[in-house]
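Have a look at the structure below before the remarks.
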Amino acid sequence: MNLNVDLMINSLPLLIVGAGITIQITAISVGLGLIIGMFVGIARICNVKVLRALATVYIDFLRGTPLLVQIFLIYFALPMVVGQRVDPFIAAITACGINSGAYIAEIFRAGIQAIDEGQMEAGRSLGMSWVQTMRYIIVPQAFKNVIPPLGNEFIALLKDSSLVSVIGFEELTRRGQLIIARTYGSLEIWITVALIYLVMTLTISRLVSYMEKRLATK
Amino acid sequence: MIDIKNLHKSFGGHEVLKGIDLHINPQEVVVIIGPSGSGKSTLLRCMNLLEVPTSGSVVVDGMDLTGDADINKAREEIGMVFQRFNLFPHMTVLKNITLAPMKVRNISQEEAEKTARELLERVGLGDKADAYPPQLSGGQQQRVAIARALAMKPKVMLFDEPTSALDPEMVNEVLDVMKSLANEGMTMAVVTHEMGFAREVGDRLLFVDGGTIIEQGDPREVFENPKEERTKLFLSKVL
């Protein structure tokens, strides 16, 4: 076996640009997921039956079907309905964002339910509405609880975002494929791609535990 | 001030309150005692609808909580102090006290903070405004909780075993605050195991057992001459 180190080094600039795009779509998707997840997570425990049911359906569907199929649904199936081609970037962040929204909703739900119910009672007994108590008392406290699982979700999505390579979106994995198509260096390129993913996920998990420690001392 | 008629409350198939009638006058201090599981805390929690009655009516300051009253509006007038304080741990003591007046009563921050500092002074914690609740002792936390409830300028105060979670040496600092509150004419309903407080401060003592009011009257009278067997039995164990 002969490892062509030059090929690995030469392909780095292209792959690192791809890694940047991977981080970009992950960050945008998690951002989208956070907004969706916050509302769906709260809807899941609110006392309006319809909202609770809708939230449950949303979470069940997105966690119960593969992300790859969801990407196909948005990129290939949706245009048949709306009669317009969907841009790969938009399709990628939409699929990933909607998907991670479901996981983040469950993270928020668990984080909120971990708060002592006396906190809600105290807020309500002071005349604050359910929404006010959620906003000023429960959610800010839940936020601390959800930092570690949110970090895990970010890492999971960063890896899963490699799936959007199948719709031709040029993030890290797709760039690797394209370089291999030119150079036939499967071994070198996939090792390099794997190492770049590893560096990214390890960095993020260190960052999260640092944040966790800082919040804990507060 | 508080008017309760034929109040029933069941949890699942278990009936905790079996028809309570109770009228509390303005400025009256009613102390509720009874064995654990007797329904005394549930009765108190029905007075601000933290527990929703199964049937019967609860009217506070003319607002029918079991009818068409706006429950958030009603709760502005009903302060509550919990056994486990339930302070907001992520906010300073000052913010704990000013939050509801600012968000609910739309009072300016300046004015809310002024009131909060006065209240802290009054409960003997003038120097703790910037502390966080977990940094305080249990007795201090409970006094902050009382200040927090008072900041809404309620017409009634409900106390749900306010000293039960405290170390013995901290009980009196909380009871003293409650005493001064009673002396100033606050209408109060107090669920407690502090018989000394009941005797000294209570205008009326209620003995609750098995979801009904077994006996009530002047505290000294009830302590010295309990009429019912169950009251006698209970008092013989706690006095």
I need the fraction of alpha carbon pairs in region B:117-168 separated by more than 17 Å, rounded to a whole percent.
36
Working from the pairwise distances between different alpha carbons, so that the mean of 1/r is found and then inverted, what is chain B's Kirkwood radius in Å?
18.3
Please identify the trypsin sites (Lys or Arg not before Pro) of region B:89-157 that satisfy two criteria: DSSP loop assignment and at most 15 other Cβ atoms within 10 Å. Which are they?
B:ARG105
Averaging the inverse of every distinct alpha carbon separation and then flipping it gives the Kirkwood radius. What is it for region B:1-120, in angstrom units?
16.2
Considering only C-alpha atoms, what is the centroid distance from region B:138-215 to region A:39-108, in Å?
51
In region B:164-239, what trypsin sites (Lys or Arg not before Pro) fall in a loop by DSSP, with at most 16 other Cβ atoms inside 10 Å?
B:LYS227
Summed over the other residues with a beta carbon less than 14 angstrom from that of A:GLY185, with K and R at +1 and D and E at -1, the charge totals 0
Return one number: the angle in degrees, 0 to 90 and rounded to the nearest 10, between the long axis of the Cα atoms of helix B:109-122 and the longest principal axis of the Cα atoms of chain B.
60
Here the gain from full extension of B:GLU169 to B:ASP127, 0.36 nm per residue of separation minus their alpha-carbon distance, amounts to 13.1 nm
Can you tell me, using C-alpha contacts under 8 Å and at least 6 residues apart, the relative contact order of chain A as a whole percent?
31
Axial C-alpha extent at least 15 Å, average Kyte-Doolittle at least 0.5 - helices from chain A (DSSP)
A:5-45, A:49-64, A:88-113, A:186-217
Please check which bits of region B:25-49 a label hung off B:ASP3 would reach, taking the label as a point 7 Å along Cα-to-C-beta and the cut-off as backbone N under 13 Å.
B:25-26
What nm value, rounded to one decimal, do you get for the distance between B:SER55 and A:SER186 when each label is placed 7 Å out toward the C-beta?
7.7
Dimensions in Å of the protein assembly as shown - Rg and Dmax from alpha carbons:
30.0, 100
Which shape class applies to region B:107-200: rounded if a/c is under 1.5, otherwise prolate when a/b exceeds b/c and oblate if not, where a ≥ b ≥ c are the square roots of the Cα gyration tensor eigenvalues?
oblate
Rounded to a whole %, the carbon-and-sulfur portion of the accessible area of chain B at a 1.4 Å probe is 45
With the alpha-carbon atoms as the only input, what is the per residue convex hull volume for region B:57-130 in Å³?
121
Could you tell me how many cubic angstrom of Cα convex hull volume region B:170-227 has per residue?
84
Mean accessible area per residue over the protein assembly as shown (1.4 angstrom probe, all protein chains present, square angstrom) is 47
Can you give the FRET efficiency to the nearest 0.05 for B:GLN109 and A:LEU51, using r as the Cβ-Cβ distance and R₀ = 35 Å?
0.55
Computed on Cα atoms, Rg of chain A relative to 2.2 N^0.38 Å comes out at 1.22
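The values are calculated or read from the model by the stated rules, or taken from the named source; none is laboratory data. What you are looking at is a predicted structure, and each value in this text was computed from that prediction instead of being measured. Here Cβ is always computed from backbone atoms with ideal geometry, including for glycine, and neighbour counts include all displayed protein chains. All accessible areas refer to the heavy atoms of the entire protein, side chains included, with ligands and DNA or RNA removed. Shrake-Rupley method; radii C 1.70, N 1.55, O 1.52, S 1.80 Å.
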